[in-house]
Amino acid sequence: MAAVCALAAVPAVGVPASAATYGTPTITLSAAYLSGAVGATGDPTVTVTVAQSGADASALTVAATATTRSTVAQTGDVTVTGTAGTRTLAVAARGVGYADLTIKVTGLGGKTASRTLHYAASPAVQYSADSRYLTGSSDASAAVDVGGGYIVVADDESNVLRLYDRNASGAPVRTWDFSSALGVSKEIDIEGAARVGNTIYWTGSLGNGKDGSLKPDRTTVFTTTVSGSGAASQLTLGGKYKGLRDDLITWDKTNGNRFGFAAGAASGQVPKQIDGFNVEGLEFAPGSTTTAYVAFRAPLVPPENGGRALLVPVTNYNQLPGGSVHAAFGTPVTLDLGGLSVRDIRKNAADQYLIVAGSWAADDNTDPYALYSWTGVATDAPVKLRDLPTADAGAWEAVVDVPDLTVPGARAQLITDDGAADLYGDGVAAKDLTHPEWKKSRSTWFTVN
């Protein structure tokens, strides 16, 4: 028996005594899909977690070892930082398109493991140093500052509200979908938002579908209550109201069909036409927490080239969500925005307004956009601050907040809706991409004075 035990203690020929003490390393990626942009600053990253039994994580190395398309990203374009069990991986896009990157961890004893990162790169844009990308959705339509460097962004293709770090590219840190509680099964087509205190008011477009079909869920107006701030922000659902579209139509009929709301909203009528019916902005009047301007993308007034943008004051807007009252209306306001209509409107505590102006039409990437300031007073004319770039993909849809416009060099952050954009050169609209990590909207900081 003693001889047998001695024989068992002899190691196998050719196998180092230390090799058996190291297991096969493990590697996981926080996301298997990643999007970047050529020339971008601070693109989204992926967290890589590695380990190996019998070895300290700091002894492991992580690197990209292969690419399926070197014109998009080469192995040398992949940077991995950190030395512990959690690393950060970034990719510098070389060109537009898709590439599968092999990410390998090498451990002690020469043992390895690999994962595939599916990478997509969009084109370079103007103002790239001032641009960030909000991933998880490509259809940003309204945004509200919740403090601490974070914003809540709405989507006009779903009812999901997303909380983002406004200064960084990447995925939302929290999401909310109140569809069930609101009693809706289709998209609300959220297009406008305004904050008063801890209450955020959200509005659907109130319009028809793009084929002219009636869309009852788009008549939804609702509120959320903000608690906390920054990354810890939380939203809880407040009240809802679904009668504003009908109230507007009835009010316009009573006043001689001045704006043609009934005709523009009729079944079969496309909302995005010069005499259509489509709401895209919401903001409260100067000094008021009760009267809100409902801002229209269509119609223009009159409905012809060179027409003026339309705002309709709802004098009891604060009472609509959760209440049983119908909307009451003030004197309508028309603004000369150079033949453009309102795509978003936002004010600050000093009642300084910014208006994102764009076409009533659906050809967002060819028509002009401009940024205007306004006092909020009906008799005061808006002032054009600057044209907005149109060479890049995406429609300018939201302004997050308004800086003090009297300060030289003041900057405002605007966000695009990239849902219709072919971001990666494959003919697929961003809203139709199969992976949310590849969907994105772009935010850009602009100097506004």
(request) Go through L320, L300 for me and flag whichever is crowded, with 18+ Cβ neighbours inside 10 Å and within 21 Å of V377 (Cα to Cα). (result) L300
(request) Would you check which residues across the range 258-281 are aliphatic (A, V, I, L, M) and either touching a residue at least 12 places away in the same chain (Cβ under 8 Å) or within 17 Å of V314 (Cα to Cα) (or both) and list them? (result) A262, A263, A265, V270, I274, V279
(request) Considering only the range 137-152, state which residues are of a type outside the set (S, T, Y) and within 14 Å of the chain's Cα centre (by Cα). (result) D139, A140, A142, A143, V144, D145, I151, V152
(request) Could you grab the pairs with beta carbons closer than 9 Å, sequence gap of 6+ or different chains, first residue in the range 115-128 and surrounded by 22 or more Cβ atoms within 10 Å (Cβ to Cβ) and outside any strand (DSSP E or B), second one modelled with pLDDT of 95 or more and among the basic types (K, R)? (result) none
(message) For the range 40-65, give me the residue count where each residue is closer than 30 Å to A393 by Cβ and surrounded by fewer than 15 Cβ atoms within 10 Å (Cβ to Cβ).
(response) 3
(request) Within the range 174-221, track down each residue that is among the small types (G, A, S) and within 16 Å of L235 (Cβ to Cβ). (result) S179, S180, A181, A193, A194, G197
(request) Could you list all residues from the range 269-294 that are in contact with a Ser or Thr (Cβ under 8 Å, 6 or more places away or on another chain) and within 25 Å of G212 (Cβ to Cβ)? (result) P271, N278, V279, E280, L282, V294
(message) Name the single residue that is farthest from S58 (Cα to Cα) among those in the range 81-96 being touching a Ser or Thr at 6+ places or on another chain (Cβ under 7 Å) and buried (at least 17 other Cβ atoms within 10 Å of the Cβ).
(response) V96
(request) Search the range 313-324 for residues that are touching a residue at least 12 places away in the same chain (Cβ under 8 Å) and pair each with any residue that is assigned to a helix (DSSP H, G or I) and surrounded by 16 or more Cβ atoms within 10 Å (Cβ to Cβ) when their beta-carbon atoms are under 9 Å apart and the residues are at least 6 apart or on different chains. (result) V314/L244; V314/D247; V314/L248; Y317/L244; L320/L244; L320/D247
(message) Please verify whether D211 is surrounded by fewer than 16 Cβ atoms within 10 Å (Cβ to Cβ) and either out of contact with any strand residue (DSSP E or B) (no Cβ under 7 Å at 6 or more places or on another chain) or at pLDDT 95 or above (or both), treating the condition exactly as stated.
(response) yes
(request) Just give me the residues in the range 340-357 being small (G, A, S) and surrounded by fewer than 19 Cβ atoms within 10 Å (Cβ to Cβ), in sequence order. (result) A349, A350
(request) For the range 244-261, name all the residues that are surrounded by fewer than 18 Cβ atoms within 10 Å (Cβ to Cβ), part of a helix (DSSP H, G or I) and basic (K, R). (result) K253
(request) Mind counting the residues in the range 153-186 that are more than 16 Å from the chain's Cα centre (by Cα) and assigned to a loop (DSSP other than H, G, I, E, B)? (result) 5
(request) For the range 431-446, enumerate the residues that are over 16 Å from P172 (Cβ atoms) and either without any contact (Cβ under 8 Å) to a residue 40 or more places away in the chain or buried (at least 24 other Cβ atoms within 10 Å of the Cβ) (or both). (result) D432, T434
(request) Filter the range 235-257 for residues that are of a type outside the set (A, V, I, L, M, F, W, C), in contact (Cβ under 8 Å) with a residue 24 or more places away in the chain and either over 16 Å from N278 (Cα atoms) or in contact with a Cys (Cβ under 6 Å, 6 or more places away or on another chain) (or both) and give the result. (result) G238, G239, K240, Y241
(message) Looking only at the range 195-243, filter to residues that are assigned to a strand (DSSP E or B) and charged (D, E, K, R); which one of those is nearest to E397 (Cα to Cα)?
(response) R195
(request) Kindly establish whether G109 is more than 29 Å from the chain's Cα centre (by Cα), of a type outside the set (K, R), surrounded by 15 or more Cβ atoms within 10 Å (Cβ to Cβ) and not in a strand (DSSP E or B). (result) yes
(message) For the range 166-179, check the following and say yes or no: at least one residue is buried (at least 24 other Cβ atoms within 10 Å of the Cβ) and either under 24 Å from A40 (Cα atoms) or in contact with a Pro (Cβ under 8 Å, 6 or more places away or on another chain) (or both).
(response) no
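The values are calculated or read from the model by the stated rules, or taken from the named source; none is laboratory data. Source: prediction; values computed, not measured. No Cβ is skipped: glycine too gets one built from the backbone with ideal geometry, and neighbour counts run over all protein chains shown.
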